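The values are calculated or read from the model by the stated rules, or taken from the named source; none is laboratory data. Because the structure is a prediction, the values reported are computed rather than measured. Please note that ligands, DNA and RNA were not included when accessible areas were found on the heavy atoms of the full protein model with its side chains. Shrake-Rupley method; radii C 1.70, N 1.55, O 1.52, S 1.80 Å.
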Amino acid sequence: MSTDQSDATSQQLPGDNAVPAAPEEAEGFFRPDGDLLVPASFSTSPWGPMLHGRLIGGLAARAAKQVIADTPGLVCSRLTVDMFRSAPLAPVSVTARPVRSGRRITVLDVMIEQADGPIGAARIVLLRASEQPAGTQRAAPVWDAPIPVKDKPPRAGNAQWTPAWQSWRISGADWSPADGVWVRETHPLVTDEPLTPLERLSMAADMVSPVSNFSDRGLAFINADYTIYLGREPQGEYIGIQPGGHVSDRGIAAGQCVLHDLQGPVGFVSTTALANPPLRPRPAPADPDGEG
């Protein structure tokens, strides 16, 4: 996103052209039940009736939230999410263990488990903010993507699966996500808990897999992990995923993207993925202005 577009974006969203805010009473992807979190029916993945991998990232960011709140000045600089296996829509438990608590760095290990064992894990690196050094560095690639507005509705679902969030695809000839997407959450992660920008970004960053791994024959890779690197704290409700690149051979892929909020780039995200039976691209709609 160019500087000029960033300024225009911040004036347009939120505002008269913005998509209306999600209702505060929206059901969360999880509801608390003692020490467990019980997933809602819409917490599924397009790959089948299983827990969506993006929620592992959200739960990891939630585990970091209390540490950040208790220690002013700490900022999340890296969040690595490992997804061990497909998980059913069953209750999960989340435990966080401090690995290092120093003057300038704090490291957390997070484990996400179900009754039959771990389904995912995360490592979170928190760094202490300080004065910005002088100098000019190489900037992230320019992304002149249009912003999501009310007259361009978010992507709809299909007969098999409907995403439980809003996304605007950056138009491409095959209507794939390969040109990037904007993402906005419409449900809290946990019922009655406001979402933080870090939780929003940690869930949206799972989109690096379809953005970087989509081909002209559909999405034939499923990601095993993703790592977020942040140079500044995200702001607001909208997260942009800008394609960076894809490399693959013998069914193993690596991809990367640039992360944005409405003010511009915030960091980078990378992923590894395995070949998987493909999700086929949807046919182009009759009206190309009807989908992002």
Solvent accessible area, Å² - VAL81, 1.4 Å probe, full protein context:
0
Using the Karplus curve 6.51 cos²θ - 1.76 cosθ + 1.60 with θ = phi - 60°, work out ³J(HN,Hα) for each residue of the stretch 69-78 in order, rounded to whole Hz, and write x for Gly and Pro.
5, 7, 10, x, x, 7, 10, 6, 10, 8
Amide H proximity to LEU51 below 5 Å, modelled H, separation 5+ or other chain, gives ALA87, LEU89
Accessible area (Å², per residue) of the stretch 58-156, counting only protein heavy atoms and a probe of 1.4 Å
57
